[in-house]
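Please treat every number below as a calculation from the coordinates, not as lab data. The structure displayed is predicted, hence computed values, not measured ones. A quick note on method: Cβ atoms are made from the backbone with ideal geometry, for glycine too, and the neighbour counts reach across all protein chains shown.
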Amino acid sequence: MIDSNKKYLVVVRHGESFANRRLRKEKDGIKYSLAGSDASIGLTARGKRQARATGKRLNSLFSGESRFRSITANRFDRVSQTAYLIAENFDYGLSYSEDARVEKRSYGKFWNLTYRGVKELYPDEYSIFETLGPFKYRPPGGENYYDLFERIEEFADERALSAHEGNQLVVTSSAAMLAFRRTYAGLADDKLVEMYESMSIGNGDFDVYELDETTGKWKLKYYYCARLARRKHALRAA
């Protein structure tokens, strides 16, 4: 399944965080008591188990000549903790680094507000949001989707140039994973928003990208669904 003659970039979503646990319960309120934009929020006990399990699965897929040479995370505790727990379950060592380009999208001033919160507390901004739409709207001090897409593409294209050094692992958030899919798998914009809002990428899920040596671009090869870990089709072709 994994060809030792090919080069891969694997993108993993972090394990369950304490903010993830609160999100569904509080999305209809004004503010989140624990917001995903808070970099200090770590993994739940379940999230740690997910990270270890994903590490074991990745170790079984990428070993020997196909082993990872590097793992990249970011400053968010839930992401760096996941990266550490994944690497802890490898039979080999690899280099670790952090890169701000693979962080989640920044919501700036609205970092802890729900849609309802923005609508009630900042009606003028919400009106701009409705006019521009979810892709173009940039919250005060934050980013829009195109800002996210630009930095993800810059990061991934840079990693394609260094693919000859070996396979690479990236731990990040669901928004960043969807940005990879949009750029390298043709995910439609409306589908991206739908998948993000419905949290369709699970904690511990990962995508496997293979380098197309003709174009020098990544191509989505496999999806891995962590909640189906014990089933044969947990890893499926894209």
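With the requirement that a residue be surrounded by 19 or more Cβ atoms within 10 Å (Cβ to Cβ) and touching a strand residue (DSSP E or B) at 6+ places or on another chain (Cβ under 8 Å), what does region 68-79 give you? Steps first, answer last, please.
Keep residues of region 68-79 that are surrounded by 19 or more Cβ atoms within 10 Å (Cβ to Cβ), which gives 68, 71-74, 76, 78-79.
Answer for region 68-79, where residues must be surrounded by 19 or more Cβ atoms within 10 Å (Cβ to Cβ) and touching a strand residue (DSSP E or B) at 6+ places or on another chain (Cβ under 8 Å): 68, 71, 72, 73, 74, 78, 79.
Against the definition (out of contact with any Cys (no Cβ under 8 Å at 6 or more places or on another chain), surrounded by fewer than 18 Cβ atoms within 10 Å (Cβ to Cβ), more than 27 Å from residue 229 (Cβ to Cβ) and of a type in the set (Gly, Ala, Ser)), how does residue 93 come out, yes or no? When the stated conditions are applied, residue 93 does not pass them. So, of the residues in region 133-148 that are part of a helix (DSSP H, G or I) and touching a residue at least 12 places away in the same chain (Cβ under 8 Å), which turns out to be surrounded by the fewest Cβ atoms within 10 Å (Cβ to Cβ)? Residue satisfying both the conditions and the ranking: 147.
Starting from residues that are among the hydroxyl-bearing types (Ser, Thr, Tyr) and surrounded by 16 or more Cβ atoms within 10 Å (Cβ to Cβ), keep the ones in region 96-110 and report whichever is nearest to residue 171 (Cα to Cα).
Here is the first cut: in region 96-110, the ones among the hydroxyl-bearing types (Ser, Thr, Tyr) are 96-97, 106-107.
Remaining after also requiring surrounded by 16 or more Cβ atoms within 10 Å (Cβ to Cβ): 106-107.
Working: 106: 17, 107: 20 Å.
The extreme case among them is 106.
Considering (1) closer than 18 Å to residue 35 by Cα; (2) surrounded by fewer than 18 Cβ atoms within 10 Å (Cβ to Cβ), the lone condition that residue 113 does not fulfil carries the number (2). For region 149-160, the criterion of being within 13 Å of residue 217 (Cα to Cα), of a type in the set (D, E, K, R) and crowded, with 16+ Cβ neighbours inside 10 Å is satisfied by at least one residue. The single residue among 148, 178, 169, 228 that is over 24 Å from residue 80 (Cβ atoms) and among the hydrophobic types (A, V, I, L, M, F, W, C) turns out to be 228.
From the list 102, 118, which residue is among the β-branched types (Val, Ile, Thr) and without any contact (Cβ under 8 Å) to a residue 40 or more places away in the chain? Can you show your working first?
On the way: 102 fails: without any contact (Cβ under 8 Å) to a residue 40 or more places away in the chain.
118 is the lone residue from the list that is among the β-branched types (Val, Ile, Thr) and without any contact (Cβ under 8 Å) to a residue 40 or more places away in the chain.
Screening 86, 41, 71 for residues that are assigned to a loop (DSSP other than H, G, I, E, B) and closer than 25 Å to residue 227 by Cβ leaves exactly one candidate, 41.
Right, residue 157: part of a helix (DSSP H, G or I), over 16 Å from the mean Cα position of the chain (by Cα) and more than 25 Å from residue 26 (Cβ to Cβ) or not?
Working: part of a helix (DSSP H, G or I): yes; over 16 Å from the mean Cα position of the chain (by Cα): yes; more than 25 Å from residue 26 (Cβ to Cβ): yes.
Against the criterion (part of a helix (DSSP H, G or I), over 16 Å from the mean Cα position of the chain (by Cα) and more than 25 Å from residue 26 (Cβ to Cβ)), residue 157 qualifies.
In region 163-181, the count of residues that are of a type in the set (S, T, N, Q) and free of Cβ contacts under 8 Å to residues at least 60 places away in the same chain is zero.
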